[in-house]
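Notes follow the structure.
The values are calculated or read from the model by the stated rules, or taken from the named source; none is laboratory data. Note that this is a predicted model, so its numbers are computed, not measured. Quick reminder, even Gly has a Cβ in these numbers, built from the backbone with ideal geometry, and neighbours come from all protein chains shown.
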Amino acid sequence: MIEVMKIYFACSIMGGGDNSQYLSILNAIKGAGGDVLSEIFVHDALNLGGSPLPADEIYTRDVDMIHEADLIIAEVSNPSLGVGYELGYAEAKGKPILGLFNTDSAKKLSAMISGNPYISIVNYSSGNIPAEEIHAFINTTL
């Protein structure tokens, strides 16, 4: 039986920034066979500019999903306190983490992310989602 990996996709939702690659990343994760627990984040970011849920419910939902996830994939091009917190929390729980950084971004990747030996960073450019690297990360974690 093929194991389906449960994946928490972390991305800046309320922090703003460029979210144009989120749907492509989501599709690459799903194309690699991942079950994306946090798929609603892409909808919230693209269509609503944030979740309509109260803050305490967002916290509980997100922490529960991180616990359930087998691994974390995060779009880290947009600085986000929430994503930073989620990555630290996931690291503390021993979850494998892949960070995706868009090199076309005018922003710089935080040294706390790029220097963290527990986070694998893959650089990509707009319109060139690293589907092979996402697939490899998921399959190496199986």
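At a glance:
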| quantity | calculated |
| --- | --- |
| Filter pass, ILE25 being modelled with pLDDT of 95 or more, within 17 Å of ASN78 (Cβ to Cβ) and either among the basic types (Lys, Arg) or buried (at least 16 other Cβ atoms within 10 Å of the Cβ) (or both) | yes |
| Total residues in segment 45-68, condition of a type in the set (A, V, I, L, M, F, W, C) and not in a helix (DSSP H, G or I) | 1 |
| Which listed residue, of ALA55, ALA45, ALA69, is touching a Phe, Trp or Tyr at 6+ places or on another chain (Cβ under 8 Å) and either farther than 18 Å from ALA32 by Cα or modelled with pLDDT under 95 (or both) | ALA45 |
| Number of the exception - SER110 against (1) surrounded by fewer than 19 Cβ atoms within 10 Å (Cβ to Cβ); (2) touching a Gly at 6+ places or on another chain (Cβ under 9 Å); (3) more than 15 Å from CYS11 (Cα to Cα) | (3) |
| Residue in segment 63-79 that is farther than 21 Å from SER126 by Cα, free of Cβ contacts under 8 Å to residues at least 40 places away in the same chain, crowded, with 18+ Cβ neighbours inside 10 Å and of a type outside the set (A, V, I, L, M, F, W, C) present | no |
| Answer residue from segment 28-44, given it is assigned to a helix (DSSP H, G or I) and touching a residue at least 40 places away in the same chain (Cβ under 8 Å) and is nearest to ALA131 (Cα to Cα) among those | ALA28 |
| Output for segment 92-107, where each listed residue is within 13 Å of the chain's Cα centre (by Cα) and either surrounded by fewer than 17 Cβ atoms within 10 Å (Cβ to Cβ) or more than 19 Å from ILE25 (Cα to Cα) (or both) | LYS95 |
| TYR8 vs. criteria assigned to a helix (DSSP H, G or I) and either touching a residue at least 60 places away in the same chain (Cβ under 8 Å) or under 22 Å from SER114 (Cβ atoms) (or both) | no |
| Members of segment 101-142 found to be within 11 Å of ILE72 (Cβ to Cβ) and modelled with pLDDT of 95 or more, listed by number | TYR118, ILE119, SER120, PHE137 |
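A quick yes/no check of all residues on (1) free of Cβ contacts under 8 Å to residues at least 40 places away in the same chain; (2) of a type in the set (Ser, Thr, Tyr):
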{"residue": "LEU109", "(1), (2)": "yes, no"}
{"residue": "TYR118", "(1), (2)": "yes, yes"}
{"residue": "GLU133", "(1), (2)": "yes, no"}
{"residue": "ASN139", "(1), (2)": "no, no"}
